[in-house]
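One structure is given here, and the rest of the page talks about it.
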Amino acid sequence: MKVVVCVKQIPDPADPGALDPESKTLKRDTKLILDESDSYGVEMALQLVDTAGEGSVHLVSMAPNNEVGGLRTALAMGAESATLVSDDALKGTDALGTAKVLAAAIARSEPDLVLAATESSDGYTGTVPEMVAELMGLPSVTFAKSIAIEGGTAKVQRQTEAGYDDVECPLPALVSVTAGVVEPRYPSFKGIMAAKSKPVDEVTCGDLGIDAGSVGWAGGGQEIVSIADAPAREAGEVIEDEGDAHERIVSFLEELKVL
Amino acid sequence: MPTVPHVAQLDDDLAALHQQTLDFVAKEVVPHGDQWELDGHVPRDVLRTMGGLGMFGIRVPESLGGLGLGPLASATFSEALGSSTYAGFDVTVLVHTDMALPHLLNSGSEEQLARYLPEVLSGERILSIGVTEPDAGSDVAGIRTRAEKDGDGWRINGSKLFITNAVHGDMTIVAARTKPDDRYGISMFLVEKGTEGFTVAKALDKTGWRSSDTAELHFDDVWVSDDQLLGTVHRGFYETMRNFQNERLVLVGMGLGAAQRAIDITVDYTKERAAFGGHLFDLGAIRQRLGMLQAQVDAARASMYHCAWLAEQGIEPVRETSGLKAWACEMINNVMYDCVQFHGGMGYMRETTVERMSRDARILPIGGGATEVMLEEVAKRLGASS
């Protein structure tokens, strides 16, 4: 069984991010890391291959500057190989453009199953996996909390607000994995050392047969008109307890409508 | 959040190992450390997990199932462990990986390595190193525990003190005098837990490192076979001394990781703590002192990685490492003192992290070669070119 996992490499959330006034997007000239929300998909894929007793996990990512830092983390977890799409023409690519690129890159691997996070931790559009499925003509199942492969069928427990739905679809299919449903493994030290020698196929839009004009700023269906820093966090209110602090806290929570 | 330091000697692999250790410590150690402090030891499951992740094989040759890395890896691993703020945990790991295991690796026979190494790497067999005695600490040649030839083995009598990992560990590498008329006539023995006559006389109650178990050991006519002799008979003193530079290096490493965390915690605290119409951090006396502490930690870090790099080049940096051990461990205690001071009354409360760290740090200028002994090692080499 061949599983492809879409992984995004994002600026480290631990570092204070900065907006680029020129591109009106997040600056991405720093070292990128594996989006934590994608680590669940990688773990799920590794578990599925382990259960099947055969197969491999391949990663697909799109990132500027040929950045592979985040991919190496996923490779250290146990993925076998990766495809990285990196091209200046991709700067400013919107969600649909990203889906086009990922779909073309994924198709080269002819996978049995494609996994993705439900959304990335920096963009949060939450639309890319479904668009990739549509472009590839694959069944799409979202918000998976567990996946089992039986024959040519994926049996998915799909998380809902009330519980979960049991869903089945034929393979190949694309399934988005809910964050937190599995415990991503720590890469072993040997895995980290081995990751550097695992193959990462770096390709451009041209290699994928994608017209550069259909992606990036030129191909975008949206325009970022302006950006502004988020307002600074306001100072909190300090309540000195003079015997009525509990009442004031209750009143405060009621104002917030959480009680 | 602790981050990988910018150090010239750290390549991508070592930086990745450092980051991985930081992640592990943040998720698997910090949330549980307080309980381990109360329990007095680190749960074996945690050590097994670390073994499974390959953390115990950093210095073990690839041919024997390890990563085959050198002193730079030990330096970065120990510094990352130090970010835990629970030095008792740090030293539990480092005694196993960097203080006891090197003796087995450097002196073990093929048969001994085959018998013990798999379990040592997996965390099933935790090691301790038994050199210190009631009357012999940094003066290794002064030990009184003796081993006498007895048939196909040796009979050991004596006692050891302050032995980390020996209460809950599985095997102690014991230094014993085998040549009574020779001050340096010492041999090393592998003594497994459960060997008749080998007992933990007492689990010791310490000021700090409370999540680390520390034992007083008794050897009452303990018989071990010839194949438990580690290395060459009567050469144990020299084989032991060989490993001391690495021991000193990792003690500095874990201390520096802790000192960096203490500074970071204190900067955060002083930026939040309102005083005199502003925050403590706004006061020049405090911010400049913290700046000086950071400069000293940066300098010690650079020196530590330099010592590790020298060792990787095959140079034995006794002067440099001894000097670093002497200076850095005293400096780290100064860092902890000031961090407690800048926490005010809170710094004296058991609930604060810096209070615990200040107790943990006190042992650093004593253990693994006291400051005074380290400075003698430097003094003996003054005037030499290296």
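Checking the table A:Lys155/A:Lys190; A:Lys2/A:Lys145; B:Lys206/B:Lys380; A:Lys257/B:Lys271 against a 29 Å threshold on Cα-Cα, which pairs fail?
On the way: A:Lys155/A:Lys190 33 Å; A:Lys2/A:Lys145 20 Å; B:Lys206/B:Lys380 33 Å; A:Lys257/B:Lys271 32 Å.
With Cα atoms farther than 29 Å apart: A:Lys155/A:Lys190; B:Lys206/B:Lys380; A:Lys257/B:Lys271.
For the range B:240-380, what is the charge dipole size about the Cα centre, in debye to the nearest 20, if Lys and Arg each add +1 at the Cβ and Asp and Glu each add -1 at the Cβ? Provide the component values of the computation, followed by the final result.
Working: 15 positive and 17 negative charges, 29 e Å.
With Lys and Arg at +1 and Asp and Glu at -1, about 140 debye.
First check a/c for the range B:69-162, with a ≥ b ≥ c the square roots of the eigenvalues of its C-alpha gyration tensor; if it is under 1.5, answer rounded, and if not, answer prolate when a/b is larger than b/c or oblate otherwise. List each step's numbers first, then the result.
Working: a/c = 2.33, a/b = 1.38, b/c = 1.69.
Oblate, because a/c is 1.5 or more while a/b does not exceed b/c.
Please compute P(r) over all alpha-carbon pairs of chain B, binned at 20 Å starting from zero, and give each bin as a whole-number percent.
P(r) for chain B, in whole percents per bin: 29, 58, 13, 1.
Give me a single rounded figure for B:52-62: the average over its residues of other chain Cβ atoms within 10 Å of their Cβ. Walk me through the numbers on the way to the answer.
Details: counts 3, 8, 8, 3, 1, 3, 1, 0, 0, 0, 2.
Across B:52-62, the average partner-chain Cβ count within 10 Å equals 3.
Charges only on Cβ, +1 for Lys and Arg, -1 for Asp and Glu: so what's the dipole of the protein assembly as shown about the Cα centre, in debye to the nearest 20?
Values: 55 positive and 96 negative charges, 378 e Å.
About 1820 debye.
How large is the dipole of the range B:12-126 about the Cα centre if only Lys and Arg carry +1 and Asp and Glu carry -1, each at its Cβ, rounded to the nearest 20 debye?
Numbers: 6 positive and 16 negative charges, 37 e Å.
Value, rounded to 20: 180 debye.
State which helices in chain B qualify, where a helix is a whole DSSP H run, it must extend 24 Å or more along its own axis by its Cα atoms, and its mean Kyte-Doolittle hydropathy must be at least -1.0. Mind dumping the intermediate values first?
Working: long enough: B:236-272 (54 Å, -0.20); B:284-312 (42 Å, 0.03); B:318-342 (35 Å, 0.10).
The answer, listed by residue number, is B:236-272, B:284-312, B:318-342.
Based on other C-beta atoms within 10 Å, arrange A:Leu259, B:Leu283 from fewest to most. Each step should come with its number before you reach the end.
Working: A:Leu259 10, B:Leu283 15.
Ascending number of Cβ neighbours within 10 Å: A:Leu259, B:Leu283.
Identify the GluC sites (Glu not before Pro) of the range B:182-261 meeting these criteria: DSSP loop state and at most 16 other C-beta atoms within 10 Å of the C-beta. Could you put the intermediate results ahead of the total?
Values: sites: B:Glu192, B:Glu196, B:Glu216, B:Glu239, B:Glu247; in loops: B:Glu196.
Within the range B:182-261, the qualifying GluC sites (Glu not before Pro) (loop, at most 16 other Cβ atoms within 10 Å) are B:Glu196.
Going by how many other Cβ atoms sit within 10 Å of their own, how do B:Phe281, A:Phe189, A:Phe252 line up, fewest first? Walk me through the numbers on the way to the answer.
Numbers: B:Phe281 18, A:Phe189 26, A:Phe252 13.
The fewest-first ordering by Cβ neighbours comes to A:Phe252, B:Phe281, A:Phe189.
Toward the positive end of the charge dipole of chain B, about the Cα centre and with charges on Cβ (Lys, Arg +1; Asp, Glu -1), which of B:Cys329, B:Gln228, B:Ala215 goes farthest?
In chain B, that residue is B:Cys329.
What does the charge count near A:Leu208 come to, summing +1 for each Lys or Arg and -1 for each Asp or Glu among other residues with Cβ under 14 Å from its Cβ? Mind dumping the intermediate values first?
On the way: positive: A:Lys100, A:Arg108; negative: A:Asp87, A:Asp201, A:Glu202, A:Asp207, A:Asp211.
Every neighbour counted, the sum reads -3.
In peptide A:20-29, how many Cβ atoms from other protein chains are near each Cβ within 10 Å, on average? Could the numbers behind the result be given before it?
On the way: counts 0, 0, 0, 0, 0, 0, 0, 0, 0, 0.
Going residue by residue through A:20-29 and averaging, the value is 0.
From the residues B:Pro71, B:Val267, A:Ile210, which one has its Cα farthest along the dipole of the protein assembly as shown in the positive direction, the dipole being from +1 and -1 charges on Cβ of Lys/Arg and Asp/Glu about the Cα centre?
Towards the positive end, the residue furthest out is B:Pro71.
What is the sum of charges around A:Gly123, taking Lys and Arg as +1, Asp and Glu as -1, for the other residues whose C-beta is under 13 Å from the C-beta of A:Gly123? Don't jump to the answer; show the numbers that get you there.
Working: positive: A:Lys8, A:Arg28; negative: A:Asp35, A:Asp38, A:Asp94, A:Glu119, A:Asp122.
Taking every other residue near A:Gly123 into account, the sum is -3.
For B:Ser303, A:Ser251, what ranking results if the residue with the fewest other Cβ atoms within 10 Å of its Cβ goes first? Each step should come with its number before you reach the end.
Working: B:Ser303 18, A:Ser251 11.
Ranking B:Ser303, A:Ser251 by Cβ neighbours within 10 Å, fewest first, gives A:Ser251, B:Ser303.
Dipole of chain A (Lys/Arg Cβ +1, Asp/Glu Cβ -1, origin at the Cα centre): which of A:Tyr164, A:Gly78, A:Ala89 lies farthest to the positive side?
Farthest along the dipole direction, towards plus: A:Gly78.
Taking K and R as +1 and D and E as -1, what net charge do the other residues with C-beta under 12 Å from the C-beta of B:Gly367 add up to? Mind showing how you got there, number by number?
On the way: positive: B:Lys206, B:Arg248, B:Lys325, B:Arg362; negative: B:Glu247, B:Asp360.
Residues close to B:Gly367 contribute a combined charge of +2.
Beyond 23 Å, how much of the Cα-Cα pair distribution for the range B:128-233 remains, as a whole percent? Before the final figure, lay out the partial values.
Working: 1174 of 5565 pairs.
In whole percent, the long-distance tail amounts to 21.
For labels at B:Glu192 and A:Ile227 in the simple 7 Å Cα→Cβ model, what's the distance in nm?
For B:Glu192 paired with A:Ile227, the spin-label model returns 6.3 nm.
How big is the antiparallel share of DSSP beta bridges in the protein assembly as shown, given as a percent to the nearest 5?
Values: 49 of 80 bridges.
The antiparallel fraction comes to roughly 60 percent.
Could you state the orientation-averaged shadow area of the convex hull built on the Cα atoms of the range A:2-219, in nm² to one decimal? It would help to have the intermediate numbers written out before the result.
On the way: hull surface 47.8 nm².
If I average the Cα hull's projected area over directions, I get 11.9 nm².
Readers should treat all values here as calculations from the given coordinates under stated rules, not as data from a laboratory. Quantities reported herein were computed from a predicted structural model and do not represent experimental measurements. Ideal geometry is used to build each Cβ from the backbone, glycine not excepted, and the neighbour counts take in all protein chains shown.
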